[in-house]
Amino acid sequence: MRETVWLSSIVPKSRSKDWDAWLVVVYLWFAFFLAYVARQSIFSIFPILRSELHFTEVQLGLTGTVFLWIYSLGNPIGGYLGDRLPKNKLVISSVILWSFCTLMVGTTGSVSGLLFWRGALALAQAPYIPIAITLITQMHSEYSRSSAISLHSTGQFVGIIFGGWYGGYLADFLGWRWMLWIVALAGILYAPLLYWLIREKGESQGSQAKPAARENISLMKVLLIPTYAGLCLAFFAACAMLWMLYTWLPDFLQAKFNLSLASAGLTATAYVQVSMIIGLFCGASIGDKLMKRDKRARLYVMIAGLSTCSPFLYLLAQGELLGQLKLAALGYGFFQGLFTANLFASVVDIIPKESRGFGVGFCNMIGGIAGGLAALLVGLLKAHFTVERLFGFAAGLGLGASVLLGITLWLFFLRDYRRAHPEAICGI
């Protein structure tokens, strides 16, 4: 019970408790990093899957789509449970289960078996993000939430960079099955350590905490918040662009520039992800600081990021030289980072605290559906359109979504913020 009380605590005020709040972000960072290595590394071994397990182009696309769609559908359920059950126990259960599923992916000998265990992996990882983000936002004020969430999010991007290189390198060096078994073992070993670390912090903060009051808030009312709907649609476009790159850029680079598996995997992830991490910290810092002046600040930063990263995606696909592609990838990643840094903090800003887990989970579900759809459509349409043109279509979607988000900001945001924070109307 002490752990449950802690997770419902109000933002800590003492310096030691502030430090504890940031330490929990760091502990969760390592779990998030391992989760992304487990899910991302398989995209670096498409040529091996073609030759050894006889995957078709559409089936390769399904390695991303099956994962993302099952993961996405599980997100709001995980968030709903996280609003009602001890978050630390749910997080640890997720880590243990996805580690086991990763182990099983490495044992499969067929297309259907691999896709089945990818789906199981997705279901196991689904509760993590909505629970971790709501846990973090409970421990940080609205003036540090973007920074805390962004710090945690870098685990994703570092995991993608490492996973892109690791997947290709270990597949060449030890074999693709060992590549999966090693990361599974790392997750199994880290899970009990993470439980102990979070439990210790829970006990240190739980002694003086009081449970937050719970209200029965209709989930449909959350979905009908106009600003929330606008954020979900913008996230749909952003994830469609991003997952198109995650899934197909390594294969695109290998075919266009004749790179090795390890080099293609590293190039496809490193430039986008490093610049995205920089964009995350810049966007989070700007969003948190400007929130003190204008509650709409985070959405301003998001609109700037989404509207600017879209043209860079188009330029990335059109580059005839590898150097041009790398520069475009840097620009795309930076401005995508500005957008991503403020997304979930903006979601929390406009949703009552009793439903934040569900709100974060449902929004993440929309992004996952978009990413899975984009990964699958590229596989389906490659026979009819060039990859360059398909990337161009996605860039247009991003520009349109940024315009829609701007309209939503001006028409609905202040009203939606006041409804979520009736005690803090002044200063808006």
Cα-centre dipole for the chain with unit charges at Cβ (Lys and Arg positive, Asp and Glu negative), debye to 20: 880
Set the Förster radius R0 to 35 Å, insert the Cβ-Cβ distance between K221 and L381 as r into 1/(1 + (r/R0)^6), and round the FRET efficiency to 0.05. 0.40
Gyration tensor verdict on the chain (Cα atoms; rounded if a/c is under 1.5, prolate if a/b is larger than b/c, oblate otherwise): oblate
With unit charges on the beta carbon (Lys/Arg positive, Asp/Glu negative), name the residue among G357, L327, H421 whose Cα is farthest towards the positive pole of the charge dipole of segment 283-428. H421
For segment 182-190, what does the Karplus curve 6.51 cos²θ - 1.76 cosθ + 1.60, with θ = phi - 60°, yield as ³J(HN,Hα) per residue in whole Hz, taken in order and with x for Gly and Pro? 5, 5, 5, 4, 4, x, 5, 6, 7
Estimated FRET transfer efficiency when R0 is 22 angstrom, pair S260-H54 (beta carbons, to 0.05): 0.50
Can you give the calculated 222 nm mean residue ellipticity of the chain, where each DSSP H run of n ≥ 4 adds -39,500 (n - 2.57) and the sum is split over every residue, rounded to the nearest 500 deg cm²/dmol? -28500 deg cm²/dmol
Within a Cβ distance under 13 Å of T267, other residues only, what is the Lys/Arg minus Asp/Glu net charge? +1
What is the packing order of peptides 263-274, 168-179, 115-126, taking the mean over residues of other C-beta atoms within 10 Å and listing the highest first? 263-274, 115-126, 168-179
Roughly how tilted is helix 87-105, in degrees to the nearest 10 and between 0 and 90, from the longest Cα axis of the chain? 10
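Readers should treat all values here as calculations from the given coordinates under stated rules, not as data from a laboratory. In this text the structure is predicted, and so the values were computed from the model without any measurement. No Cβ is skipped: glycine too gets one built from the backbone with ideal geometry, and neighbour counts run over all protein chains shown.
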